[in-house]
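This report refers to the structure that appears directly beneath it.
The values are calculated or read from the model by the stated rules, or taken from the named source; none is laboratory data. Note that the structure is predicted; figures quoted are calculated from it, not measured. FYI the Cβ positions are ideal-geometry reconstructions off the backbone, even for glycines, and counts take in every protein chain you see. Please note that ligands, DNA and RNA were not included when accessible areas were found on the heavy atoms of the full protein model with its side chains. Shrake-Rupley method; radii C 1.70, N 1.55, O 1.52, S 1.80 Å.
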Amino acid sequence: MPKIIVPISNGFEEIEAISIIDICRRAKIGVSIAAVENIQTIGAHNIKIEADCKIEDVNSNDFDMIVLPGGLPNAFTLAQNERVQFLLKEFKQKNKKIAAICAAPYALHTANVLNENYTCYPSFEHKIKLNGYKENDSVVIDKDIITSRGPATAMEFALEIVRTLCSKEIYTDVKNSLLAK
C-alpha cells in the first residue's frame, strides 16, 4: 500500500487538505497527517484537524510521497520550517514524489525542489518564478513533482495523486465513485 505524508500548520486550506486526505484514503493510500505546530491544527476557516504525528517524527523512508496543502499562513510556515524543508530536499534526493497545491508550491521553491514547470494560486508565481508557470493548467506534472492551483482544483489534484501511486483500476474506481469528470 502506498503511503503519503501531509504536513499541516495553522491556516491550512481545509478544502485542499481534506480533499487530499479523503480521496487518497478512498484509494487505500496510507495517509499520515503531520503537525508542524500543535497536534490540533486550525485551518484558515477555523476547522480543526487532529494530526497523527509531529513533523519531527516523520521518516522519509516510511512514505512514497509528501503532499503539501496550501492556505495562509500555512504555506509560509511550511516554507520556513526547517524539518519540512529538510524532508522536501530528502524526498527530491531519493527521487520520491512531491506534490503541492495553491500557495504551497512556494515551500517547494524555498527548498529548491520545484522543477521547471508548475502551477500555483494566482499571484504566488511572483514569489516563486515566472519562468515555467502554467497559469491556465489546473494540475501540472513535471517529473516527480505535481502542483495545482487551489481549492477548486483540489479534487483533480488528489485524483492525480491516486493516479500516480495506484493502479489504473483503483484510480478509475475512485474517480467514478466521486462522479468526477
- Condition broken by Tyr106, with the remaining ones in (1) surrounded by fewer than 21 Cβ atoms within 10 Å (Cβ to Cβ); (2) of a type in the set (Phe, Trp, Tyr); (3) free of Cβ contacts under 8 Å to residues at least 40 places away in the same chain satisfied: (1)
- Query: Identify, please: which residue in region 135-166 is farther than 19 Å from Lys97 by Cβ and open to solvent by 80 Å² or more (accessible area, probe 1.4 Å) and is, among those, nearest to the chain's Cα centre (by Cα)?
  - Reply: Ala152
- Pair list, Cβ under 8 Å, 6 or more apart: region 127-154 residue in contact (Cβ under 8 Å) with a residue 24 or more places away in the chain and more than 26 Å from His45 (Cα to Cα), other residue open to solvent by 80 Å² or more (accessible area, probe 1.4 Å) and not in a helix (DSSP H, G or I): Asp142/Glu116; Asp144/Asn95
- Message: Give me the residue from region 76-102 that is among the small types (Gly, Ala, Ser) and free of Cβ contacts under 8 Å to residues at least 60 places away in the same chain and, out of that set, nearest to Cys120 (Cα to Cα).
- Response: Ala100
- Message: Which condition from (1) open to solvent by less than 30 Å² (accessible area, probe 1.4 Å); (2) over 22 Å from Arg149 (Cα atoms); (3) in contact (Cβ under 8 Å) with a residue 60 or more places away in the chain is the one that Val58 breaks?
- Response: (3)
- Selection from region 171-181 of residues assigned to a helix (DSSP H, G or I) and either surrounded by fewer than 17 Cβ atoms within 10 Å (Cβ to Cβ) or over 20 Å from the mean Cα position of the chain (by Cα) (or both) yields Thr172, Asp173, Asn176, Ser177
- Message: Can you go through Lys92, Lys127 and tell me which one is open to solvent by 50 Å² or more (accessible area, probe 1.4 Å), in contact with a strand residue (DSSP E or B) (Cβ under 8 Å, 6 or more places away or on another chain) and not in a loop (DSSP other than H, G, I, E, B)?
- Response: Lys92
- Residue hits (region 109-122; open to solvent by less than 60 Å² (accessible area, probe 1.4 Å) and not aromatic (Phe, Trp, Tyr)) are Thr110, Ala111, Val113, Leu114, Asn115, Asn117, Thr119, Cys120, Pro122
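Out of the residues in region 34-55 meeting the condition of being in a strand (DSSP E or B) and crowded, with 21+ Cβ neighbours inside 10 Å, tell me which one is nearest to the chain's Cα centre (by Cα). Don't jump to the end; show me each part of the working.
Residues of region 34-55 that are in a strand (DSSP E or B), as a first pass: 34-35, 40-42, 48-50, 53-54.
Retained after the next criterion (residues that are crowded, with 21+ Cβ neighbours inside 10 Å): 34-35, 41.
Details: Ala34: 12, Ala35: 14, Thr41: 16 Å.
Top of the filtered list is Ala34.
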